[in-house]
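Report on the structure given below.
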Amino acid sequence: MPADAAAKGMKLERYASGGAMLLRRVASGKIVTASSHLLFRATVLATLALVFLFTFHYPSLLSRSFSLSGDGGGAGPAGGPGMTHRSLLMSSSASAAYGGAAWEKEVRRSAKPRRDGGITVLVTGAAGFVGTHCSLALRARGDGVLGLDNFNSYYDPELKRARQRLLADRGVLVLDADINDGLLLEKLFDLVPFTHVLHLAAQAGVRYAMEAPQTYVASNVAGLVSVFEVAAKHADPQPAIVWASSSSVYGLNTDAPFSEEHRTDRPASLYAATKKAGEAIAHTYNHIYGLSITGLRFFTVYGPWGRPDMAYFYFTKSIITGEPITLFRTADGADARRDFTYIEDVVKGCLGALDTSGKSTGSKSGKKSGPAPLRVYNLGNTSPVPVTRMVAILEKLLGKKANKRIVTMPSNGDVPFTHANVSHAAHDFGYRPTTSLEAGLRHFVDWFVDYYKLKLDIPKITKASGADKPSSSSKKKKKAAAMAASS
């Protein structure tokens, strides 16, 4: 053996350090080449690992915010998206950044119920449209609420910050963090014995899924699993979970009104597919870990503090600024119809689902005492309205005619109509929508004019909820890009 080593110009040397023996092979004339190959392979592996992490865990998010000054950065069809990348560190370092006695005290304060028998709810996506309204309603009735939101730039982050300030004025803390940060979620469950999770965080939008599909997988699939994992394996006791599915799961279904018994195996968009996947994942965690899980299929929610990427929102902006709006018709010439559902009605449905969710039956040990509730409900208005009718109402409220462009509906994920059957929600927790589209849009337009400080001759109406009007502090901090119509 020594002769063979000598013939190859190799030398084996032993070194002792702290009682441990290290064996080093010295290859004459080849060590530089070997080291170069090793460094190259390590670099390739490290690069692939970073690409994988970035693509699947923290994908880029497009900005779809707009300003009323007509700068071309419109949401949806009204304008093109602007590319911005969210820093990896903003989410990955949240668990390390949050901590300390003062922070823990603030988390516990926000999550503490103010009434006897009150529940303690972790609301994900709390600075979002539905999340803000639900958090306000829970706080108003005396429940404990802690919010979490990553404030991504899919649409104007300043609108989300304004909602965050509104919630802070009402005593609700919203943490800037990501649902994929499992360590932070574990830390929160260590601090607070949440009785419920209202999981509303998601990547929204049907058409945007064609541009950035990985964002939907990262948020709507991986993010949902992240929440379920912590609730199932770390929380003690396990909370009940109510989460946002979507009416989009009905996809190409033509039976109407849409019932929870109808097939949902033909999604028309990737967004719908991720929500359908979420319902299957919910079944798995309920079956294996005993989590009580309720999915809510929302139907075209609208109202004050809404999302700028929704048609009613950017139609309002376009009518005011004189920009054209695009209306879709089916191949046979029929108007697209939507089951527009006012936000206050949806909030009542969300709270009803929380209050009747039942208890989870599992434990950190992995054992469950029996089957836990697994439910899914439609939350809609039960009255589909042509989108052209919605535009006509906006024209009347704004005192201006829209510059309409009629096109045939493309095959990009949109469906010709939606129509909710809400009989199960009505039976199980008394869900009964009461707001007409005319009344709901009047509330929205009133808020829109107030928020963007516009001078339009629109009669004021009675507010529908505490979220309809910005707080005094948020009014002082409107985004600079908003239209200075008062000048």
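The values are calculated or read from the model by the stated rules, or taken from the named source; none is laboratory data. Just so we're clear, the structure is a prediction, and the values are computed from it rather than from any experiment. Methodologically, a virtual Cβ is constructed for each residue, glycine included, from the backbone with ideal geometry; neighbour enumeration extends over all protein chains shown. In case anyone asks, the SASA skips ligands and DNA or RNA and just uses the protein heavy atoms, side chains included. Shrake-Rupley method; radii C 1.70, N 1.55, O 1.52, S 1.80 Å.
Give me the accessible area per residue for region 181-315, probe 1.4 Å, as a whole number in Å².
31 Å²
Can you check what the net charge comes to around L354, using other residues whose Cβ is under 13 Å from the Cβ of L354 (Lys, Arg +1; Asp, Glu -1)?
Counting the neighbours of L354, the net charge comes to +1.
Roughly speaking, what is the stretch gain from H262 to R109, that is 0.36 nm per residue apart minus the C-alpha to C-alpha distance, in nm to one decimal?
Computed gain between H262 and R109 is 50.7 nm.
Using only Cα atoms, locate the centre of region 348-385 and the centre of region 103-167, then give the distance between them in Å, rounded to an integer.
When both Cα centres are located, 20 Å separates them.
Could you give the distance between the Cα centres of region 240-283 and region 288-333, to the whole Å?
17 Å
Within the set of other residues whose C-beta is less than 15 Å from the C-beta of K368, count the net charge using Lys and Arg as +1 and Asp and Glu as -1.
+3
Structure shown: which of K276/K453; K160/K401; K187/K348; K112/K317; K276/K396; K276/K359 lie over 32 Å apart, alpha-carbon to alpha-carbon?
In this structure, K276/K453; K112/K317; K276/K396 exceed 32 Å between Cα atoms.
Just subtract the alpha-carbon distance of E438 and T326 from 0.36 nm times their residue separation and send over the number in nm, one decimal.
That works out to 38.2 nm of additional length.
Taking R0 as 45 Å, what's the FRET efficiency between T408 and A97 from their Cβ-Cβ distance, rounded to 0.05?
0.35
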